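Worksheet for the structure shown next.
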Amino acid sequence: MTSYKNTKHNAVETQVNNHRQKSYRRSLSRKDSSCCSDTKFEQPSEQNSKATEEEDFIIPDIMSILSPRKRNVFDLLEQFKKEDDASSSKNLVVRVDFNVPMNAQGEITDESRIRGALPTLQAIVNQGCNAILLSHMGRPKLVQKGEDTDGKQRKQLSLRPVAAKLSELMGGRKVIFGEDCQGLKAKAAVDQLPSSGGGGIVLLENVRFYKGEEKNEADFAKGILESIGNVDGYVNDAFGTCHRAHASVYGIPKLLDPQVCGVGCLVASEIAFLDFGAIPEGERVSAIIGGSKVSTKLPVIKGLLNQVDTLVLGGGLAFTFLKAQGVPIGNSLVEESMIETAKELLEEAQAKGKTLFIPLDAVCVQDFPKDSAAAMAMDIQTFDLVPSQGIQDGWMGLDVGPKTVEALTKVLTGSSKLVFNGPMGVFEIPPFDVGTKGLVDLLARLTKDEGCVTVVGGGDSVAALEAFGRMKDVSYVSTGGGATLELLAGDVLPGVEAIGTIE
């Protein structure tokens, strides 16, 4: 059994002291640096444990650069090794996000969230510690209200299938399933963990079967801890729920000693890549925000204006800004109630010396097509987006035009870090995918040729990467939805705030 070694940490720390900016960019842009690697973990052996240490567990590299930083799982494991009672197994409560999609047959259709937790879990069990996993699944309102009389919802939203899949992804390692997250059934499952030697894993049942989870009830959090019994530490590796002040995310770590609470590999990666506060002086940061509505992305736009040098707006929300500038937009999507807000944001960007880029042209049709075949049969025109011209009445913009794609190359080249959240158009329906594809291809080039740290977050943005075969050509793909947006907006995430900081 091997444990995490700190040799790489020390080497990178030396690099940081000598070449802070260069180290920052290189470390965050390494293709093998994602802590949510797609590696399929096998049973621990001396050979593959060494490979795991060298290739997958890079959080100390990143987090040594970002200082101050949150305490992480490796800090806890190092701390455990120094304790006198190292012969006994340590029990770590790990909040994961196993809220995975399943079909009608109860089969998991996307296992990426489970894979995202593997590096943290592998680190824990490789050091001979036990992992007690907590997660939610869906919105079991009937179960919470006691109205699930036939038990159908409880069965549909049970984590039992996840336990089997986790075992498979960890090379057949046994994963004990607890039929409840507190009480006697939870205790019975935890009692099966090895008291010496460690390496055991328990997945307790859906924490949202209880109202106390979402209400962050102290008694519910205490009930979980009391059922587990001996709790030596807590790790939050559920980035997708970090923006929720729920009992298993916020309440439990607040009940424990801060010295034994940390973030996992996935959460640490998200913080490292999405946190703009740690950008070294002289770095140029850009962001691309798309989507349909200004109101949905307003907090992100406001937050980014305080943090980035260049902000690119695209998709449907750009038309509200264009109308605020007096550009005719025809029948394009617009939020009339947000026009004054758009004017204020344009003025704010100018006052702060920021570059706020809005599309220069748009690819338009007269009716929204139901599919690609219908689109190809339509009359398609490109209009310049200037006050004297703009989009003619009766036409709607569904993609940015070639002038915009060309201009984006000039606007974004030279960026040290670039965040992409939201497509440029209706990329799901060709030929209105050209603008988004051009942008995604540009991100890939900037990543490869210029060492730009490219971060992609948001469901539609990730879908665009997948559609154009570029998932492996950017630095990092964020796993969060609402958590990603709130972090980009500069908000404090309750699940992260609950973890102590190391200066």
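The values are calculated or read from the model by the stated rules, or taken from the named source; none is laboratory data. None of these values were measured; they are calculated from a predicted model. Neighbour counts are summed over all protein chains in view; Cβ atoms, including those assigned to glycine, are modelled from backbone coordinates with ideal geometry. The protein model used for the area step is the full one, side chains on, heavy atoms only, and it has no ligands, DNA or RNA in it. Shrake-Rupley method; radii C 1.70, N 1.55, O 1.52, S 1.80 Å.
Legend: calculated FRET efficiency, Glu497 to Gln366, from the Cβ-Cβ distance at R0 = 35 Å, rounded to 0.05, equals 0.10. Loop-located trypsin sites (Lys or Arg not before Pro) across the range 275-351 with a Cβ neighbour count of 16 or fewer within 10 Å are Arg284, Lys293, with loop assigned by DSSP.
P(r) tail for the range 438-503, what percent of Cα pairs lie past 21 Å?
Taking all Cα-Cα pairs of the range 438-503, the fraction more than 21 Å apart is 37 percent.
In the chain, a dipole from Cβ-located charges (positive for Lys and Arg, negative for Asp and Glu) runs towards its positive end, and of Ser286, Ala407, His136 it is His136 whose Cα lies farthest in that direction. Taking amide H as placed 1.01 Å from N in the peptide plane, the amide H of Gly178 sits under 5 Å from that of Leu203, Leu204, Glu205, each at least 5 places away or on another chain. Taking every pair of alpha-carbon atoms in the chain, give the share separated by more than 30 Å as a whole percent. For the chain, the fraction of Cα-Cα distances above 30 Å is 51 percent.
The Arg284 and Ala373 beta-carbon pair, evaluated with R₀ = 51 Å, returns a calculated FRET efficiency of approximately 0.75. A simple spin-label model places the labels of Asp219 and Ile339 5.4 nm from each other, with each point 7 Å out along Cα-to-Cβ.
Which whole-number value in Å² is the accessible area per residue of the range 120-238, probe 1.4 Å?
40 Å²
Across the chain, C-alpha contacts under 8 Å between residues 6 or more apart give a mean separation that, scaled by the residue count, equals a relative contact order of 16 percent. Ignoring ligands, DNA and RNA, please state the percent of accessible area on the chain from carbon and sulfur, probe 1.4 Å. Its accessible area is 48 percent carbon and sulfur atoms. Restricting the calculation to Cα atoms, the range 65-135 yields a radius of gyration followed by a Dmax of 15.5, 50 Å.
Put Phe276, Phe177 in order of accessible area, highest first, and with a 1.4 Å probe you get Phe177, Phe276.
Each semi-axis of the equivalent ellipsoid for the range 362-455 is √(5λ) with λ an eigenvalue of the Cα gyration tensor; in descending order they amount to 28, 16, 9 Å. Take every Cα pair under 8 Å whose residues are at least 6 apart in sequence, average their separation, divide by the length of the range 334-433, and the relative contact order is 28 percent. Label positions at Lys302 and Glu168, each projected 7 Å from the Cα along the C-beta direction, are separated by 4.5 nm.
Site pair Ala188 and Ser388 shows an inter-label distance of 8.0 nm when each label is modelled 7 Å from Cα along Cα→Cβ. Per residue, the range 444-483 exposes an accessible area of 39 Å² to a 1.4 Å probe, with every protein chain left in place.
With every protein chain in place and a 1.4 angstrom probe, the accessible-area ranking of Ser88, Ser388, Ser286, Ser196, largest first, reads Ser388, Ser196, Ser88, Ser286.
Taken over the range 285-411, the convex hull of the Cα atoms encloses 108 Å³ per residue. Note: relative contact order over the range 192-265, using C-alpha pairs below 8 Å and six or more positions apart, is 31 percent. The range 108-225 gives an Rg/Rh value of 0.97, both radii derived from C-alpha positions and Rh following Kirkwood. Entry comment: accessible area of the range 301-344 is 36 Å² per residue, from protein heavy atoms only and a probe of 1.4 Å.
A DSSP coil position with no more than 16 other Cβ atoms inside 10 Å describes none of the trypsin sites (Lys or Arg not before Pro) in the range 376-458. Counting heavy atoms of the protein chains alone, Glu344 has an accessible area of about 110 Å² for a 1.4 Å probe.
Convex hull volume of the Cα atoms of the range 392-503, normalised per residue: 145 Å³.
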